[in-house]
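The values are calculated or read from the model by the stated rules, or taken from the named source; none is laboratory data. The structure presented is a predicted model; accordingly, all values stated were derived computationally and were not measured. We place every Cβ from the backbone using ideal geometry, glycine too, and count neighbours over all the protein chains shown.
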Amino acid sequence: MSENYVLKTENLGISFGGLKAAQDVNLKIKKNEIYGLIGPNGAGKTTVFNMLTGVYQPTYGTFYLNGEELKGLKQEAINQKGIARTFQNIRLFNNMSVIRNVMVGLHNNPAFKCNPFVSMFRLPSHFETEKNMRNKAKELLKIFGLLEERNILACNLPYGKQRKLEIARALATGPKLLLLDEPAAGMNPQETAELMETIKFVRDNFDMTILLIEHDMSLVSGICDRLTVLNFGQVLAEGNVDEVLNNPEVVRAYLGDD
Ligand SMILES: Nc1ncnc2c1ncn2[C@@H]1O[C@H](COP(=O)(O)OP(=O)(O)OP(=O)(O)O)[C@@H](O)[C@H]1O
Ligand SMILES: [Mg+2]
């Protein structure tokens, strides 16, 4: 039964011409889990995220969010159903302020959906919604230690903070499942340690379920409850972190036969 899982994928896969970039991917992620998706470069991890967020339409299989099939929906619709993500290469609105970036996320949050008629004619409830959004955005920025920088342009934030802002913007859309694509990439060990605390905080305080792609094994073993390893588009191993990371096939996939 798919209903017991926040995310369930069934034989999910995609081909690009002759290349099967992902094949028979079966994930079962429970509520409030921090679940890792790992594997060598080119294994198909980001491709899985792209299928789960409507960037790519799967060639095979399907997926469910809390039992509801979402395959076939477009990106914005999937986001409104409750899947939000960050990107491997940060994608912020660079020429908008930090707070505006978060408010863009809030505009896609069903809880803040404003009536276009109300916005167009600037009716009093438009200003009310705008004020509520600004307050909500500030709350989120505070959690991510970005409140002081709220009025500067996103492109002027240091790299580690841009990554945090991207997570804040994703959360602003009010998701049930948060997908993080290499959140610690380019961070120093201190920033990575802080990020781990932030991810746990988000899980605990936003009642969130998190699927993350990561190459940093200290982060993976530090915060993931369970893992799936992809290799050449296929699931190589899955299970508890220690079990999976000590699996000789997984070690071989990462390090090669030598
Ligand atoms: N739109 C596309 N068209 C053709 N091939 C693609 C496309 N998107 C991904 N691929 C291929 O699919 C394979 C998996 O790529 P993907 O980006 O999912 O890997 P990854 O596991 O995220 O790797 P990394 O750890 O380097 O980010 C690669 O061979 C990639 O070149
Ligand atoms: Mg990738």
For this session: Among the residues of the stretch 32-55, write down those that are near ligand 2 (Cβ under 10 Å from one of its atoms) and either touching a residue at least 60 places away in the same chain (Cβ under 8 Å) or among the small types (G, A, S) (or both).
Result: L37, G39, G42, A43, G44, K45, T46, T47, V48, F49
Exercise. Could you list, in sequence order, the residues of the stretch 206-216 that are more than 14 Å from P183 (Cβ to Cβ) and free of Cβ contacts under 8 Å to residues at least 40 places away in the same chain?
Worked result: F206
Problem set entry | Single residue of the stretch 10-31 satisfying the filter (in contact with a Leu (Cβ under 7 Å, 6 or more places away or on another chain) and in a strand (DSSP E or B)) that is nearest to ligand 2 (Cβ to nearest atom) | A22
For this session: Examine the stretch 239-249 for a residue that is under 21 Å from the mean Cα position of the chain (by Cα), of a type in the set (A, V, I, L, M) and outside any helix (DSSP H, G or I), and state whether such a residue exists.
Result: no
Exercise. Is there a residue being free of Cβ contacts under 8 Å to residues at least 24 places away in the same chain and either of a type in the set (K, R) or surrounded by 20 or more Cβ atoms within 10 Å (Cβ to Cβ) (or both) anywhere in the stretch 162-169?
Worked result: no
Problem set entry | Check on A193, farther than 15 Å from T86 by Cα and assigned to a helix (DSSP H, G or I) | yes
For this session: Among what's in the stretch 68-85 and is over 17 Å from I210 (Cα atoms) and not charged (D, E, K, R), pick the residue that is nearest to ligand 1 (Cβ to nearest atom).
Result: Q75
Exercise. Which ones in the stretch 41-62 are within 16 Å of ligand 1 (Cβ to nearest atom) and either surrounded by fewer than 17 Cβ atoms within 10 Å (Cβ to Cβ) or among the aromatic types (F, W, Y) (or both)?
Worked result: N41, G42, F49, V55, Y56, Q57, T59, Y60
Exercise. Of the residues that make up the stretch 31-50, is at least one modelled with pLDDT of 95 or more, out of contact with any strand residue (DSSP E or B) (no Cβ under 6 Å at 6 or more places or on another chain), of a type outside the set (F, W, Y) and closer than 20 Å to A77 by Cβ?
Worked result: yes
Exercise. Any idea which residue in the stretch 170-195 is nearest to ligand 1 (Cβ to nearest atom), counting only those that are under 20 Å from K45 (Cα atoms) and surrounded by fewer than 17 Cβ atoms within 10 Å (Cβ to Cβ)?
Worked result: A185
Exercise. Among E182, E166, E238, E214, which is the only one that is out of contact with any strand residue (DSSP E or B) (no Cβ under 8 Å at 6 or more places or on another chain) and not aliphatic (A, V, I, L, M)?
Worked result: E166
Exercise. Among F232, F201, which is aromatic (F, W, Y) and either in contact with a Cys (Cβ under 6 Å, 6 or more places away or on another chain) or under 29 Å from F112 (Cα atoms) (or both)?
Worked result: F201
For this session: Kindly check whether there is at least one residue in the stretch 56-68 that is assigned to a loop (DSSP other than H, G, I, E, B) and within 14 Å of ligand 2 (Cβ to nearest atom).
Result: yes
